Amino acid sequence: MSMAVVGLLAGMALGFAGYFGGFGAFVLVAALGAIGFVVGRFVDGDLEPGDLLRGRERGDRRR
């Protein structure tokens, strides 16, 4: 499935949630979608568990 189709389905889901459930449902669907995206990236092997929890190195600090 292409990313355009995935984006279309996500937009439609958020639209239906916002229309039928109000703003609270819109935010809930968006948050659950983001969590699902991160879990999917873990399952695909694109992310490691430490990637989200690791702090920046000292040399990476921006001023």
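The values are calculated or read from the model by the stated rules, or taken from the named source; none is laboratory data. Note that the structure is a prediction, hence the values are computed from the model and not measured. Virtual Cβ from ideal backbone geometry, glycine too; neighbours counted across all protein chains shown. The protein model used for the area step is the full one, side chains on, heavy atoms only, and it has no ligands, DNA or RNA in it. Shrake-Rupley method; radii C 1.70, N 1.55, O 1.52, S 1.80 Å.
Structure summary
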{"item": "Set 36, 40: member being surrounded by 10 or more Cβ atoms within 10 Å (Cβ to Cβ) and modelled with pLDDT of 80 or more", "result": "36"}
{"item": "Answer residue from region 1-33, given it is modelled with pLDDT of 90 or more and loosely packed, with under 10 Cβ neighbours inside 10 Å and is nearest to the chain's Cα centre (by Cα) among those", "result": "23"}
{"item": "When residues of region 47-63 are limited to those that are part of a loop (DSSP other than H, G, I, E, B) and either within 19 Å of residue 7 (Cα to Cα) or open to solvent by less than 70 Å² (accessible area, probe 1.4 Å) (or both), the one modelled with the highest pLDDT", "result": "47"}
